[in-house]
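Asker: Dropping a structure here in structure tokens format, bear with me for questions.
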Amino acid sequence: MLQSFLPIPSHSDFPLGNIPFGSVTRSGGVEVCASRIGDQVIDLSALQQLGYFDALDLPNGLFNQALLNDFIAMGQPTWRAVRSRLQALFSAGSALEGSNHMHEIVLALTDVDVNLPIHIPDYTDFYSSIEHATNVGTMFRDPNNALLPNWLHIPVGYHGRSSTIMPSGTPIHRPNGQRKAPSDDKPTFGPSIKVDFELEIAFITGSGPTGGSSIAVDQAESHIFGLTLFNDWSARDIQQWEYVPLGPFLAKNFASSMSPWIVTLDALAPFRTPAPSQDDVQPLPYLQQDRSACNLDIQLDVSITPEKGQATQVSTSNFKYMYWSMAQQLAHHSINGCLIQAGDTMASGTISGKDKGSYGSMLELSWNGTEPIAMKGGGQRSFIEDGDTVTMTGHAEKAGLRIGFGEVSAKLLPAQPWNDLTTKK
Ligand code: CA
């Protein structure tokens, strides 16, 4: 295992084997691209200016900016070269150890602000957990035909909206909107009464081929820059009324929260695991993939902390449950010639397992409000209440090696006031 000369707390998500990519604002307001080791931030711009990347022939100022998109657009060989160089520089016995450059390069996490590190040109949300799709189909449509006929043939997805994706820590507001339960005779308007989280992992893409070409499934992972935790906030009452026939719209695009450190597939390579079999219903050839190691064993946990209350863990799930892999999602997304751009963000869809404790949304955990969850310190939850903070963590661990994402955490604030035209005559 790689050993660093920097101090790393035991059980840190960020050992030298991780080397995620992110962005921070230094004291004084300078924004730079960064990595993280333990609870220290590595200023990639300072490293470049001091000549530590000279052998890599990177464009001047590549990391002297708030966003990683230019770096991401350079492609996998560059991502790998920079990450390997960082691992060498911060290994025990490196020339950097004890250098007077250290105070310019290494910052305490507590001395910087951590930013959303990418401009997201487009956001796509998949629906790739068979357990989640079955649970939602059972509740919203028909228990006997919970999966629609296309589901086992297509990694179903929809185009979301990137403008309201926020970094961990940014509070969000309960959305206003239209809702109508099946038993209501007409819709009403107001704050959603069924605000929910969706436990997801998103992948960030590099640049795809231009000119209408597509990305082959066995090449797709080389177009994936890295992964983050993703809370795809949802308003179930708005969703249930609006989603037919064109799918999710305002129930989804009011907010999504993402963890700020992008973890590479190389860092997660030790945690590859088989994916659920697709032998019973074989996908079309362009989606066929060796299933023996295409998923990742990443444990995911969700907790809810009420205002002034204590945290209650409500779900423990795992990314290995996904029926459609990231490679299949990306191959499908580009098969029609859709242009994939550096920084595009594609979320997995809610990650649910077979057992109730592994469901990835309150919709499923409380079975649409019919089975509320008891909270530590009293009270119960069917959905998220004003003042609640939802926190998701994720990590992989094996043979003493732990690679993680940190957390994505956000507080739900009351709805914004609106002009209530319904009261005007
Ligand atoms: Ca979603």
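The values are calculated or read from the model by the stated rules, or taken from the named source; none is laboratory data. This is a predicted model, so every value here is computed, not measured. All Cβ positions, even for glycine, are placed from backbone atoms using ideal geometry, and neighbour counts span all protein chains on display.
Asker: What are the pairs with Cβ atoms under 7 angstrom where one residue, in the stretch 217-246, is outside the structural domain of V302 (by TED's automatic domain parsing) and the other, located anywhere, is of a type in the set (V, I, T) and within 12 Å of the ligand (Cβ to nearest atom)? Sequence gap at least six, or different chains.
Answerer: none
Asker: Here are some residues: D386, D301, D297. Which one is farther than 30 Å from P121 by Cβ, charged (D, E, K, R) and in contact with a Phe, Trp or Tyr (Cβ under 7 Å, 6 or more places away or on another chain)?
Answerer: So the residue among D386, D301, D297 that is farther than 30 Å from P121 by Cβ, charged (D, E, K, R) and in contact with a Phe, Trp or Tyr (Cβ under 7 Å, 6 or more places away or on another chain) is D297.
Asker: Considering only strands (runs of 3 or more DSSP E) fully contained in the stretch 296-350, which possess at least 1 residues that are in contact with a strand residue (DSSP E or B) (Cβ under 7 Å, 6 or more places away or on another chain) and away from the ligand (no atom under 16 Å from the Cβ)?
Answerer: By residue number, 299-305, 312-318.
Asker: Sort through G208, G177 and tell me the only one that's of a type in the set (G, A, S), part of a strand (DSSP E or B), touching a Leu at 6+ places or on another chain (Cβ under 9 Å) and away from the ligand (no atom under 15 Å from the Cβ).
Answerer: G177
Asker: Follow-up. Against the definition (touching a residue at least 60 places away in the same chain (Cβ under 8 Å), part of a loop (DSSP other than H, G, I, E, B) and buried (at least 21 other Cβ atoms within 10 Å of the Cβ)), how does F383 come out, yes or no?
Answerer: For F383, the condition - touching a residue at least 60 places away in the same chain (Cβ under 8 Å), part of a loop (DSSP other than H, G, I, E, B) and buried (at least 21 other Cβ atoms within 10 Å of the Cβ) - is met.
Asker: Kindly establish whether L148 is surrounded by fewer than 24 Cβ atoms within 10 Å (Cβ to Cβ) and of a type in the set (A, V, I, L, M).
Answerer: It is true that L148 is surrounded by fewer than 24 Cβ atoms within 10 Å (Cβ to Cβ) and of a type in the set (A, V, I, L, M).
For (1) free of Cβ contacts under 8 Å to residues at least 60 places away in the same chain; (2) away from the ligand (no atom under 16 Å from the Cβ); (3) part of a strand (DSSP E or B), each residue gets a yes or a no:
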site: I120; (1), (2), (3): no, no, no
site: T124; (1), (2), (3): no, no, yes
site: N135; (1), (2), (3): no, no, no
site: P149; (1), (2), (3): yes, yes, no
site: M166; (1), (2), (3): no, no, yes
site: S183; (1), (2), (3): yes, yes, no
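Each row is one residue, and each column tells you yes or no for (1) surrounded by fewer than 16 Cβ atoms within 10 Å (Cβ to Cβ); (2) of a type in the set (A, V, I, L, M).
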| residue | (1), (2) |
| --- | --- |
| L16 | no, yes |
| F21 | no, no |
| R26 | no, no |
| G61 | yes, no |
| P77 | yes, no |
| R83 | no, no |
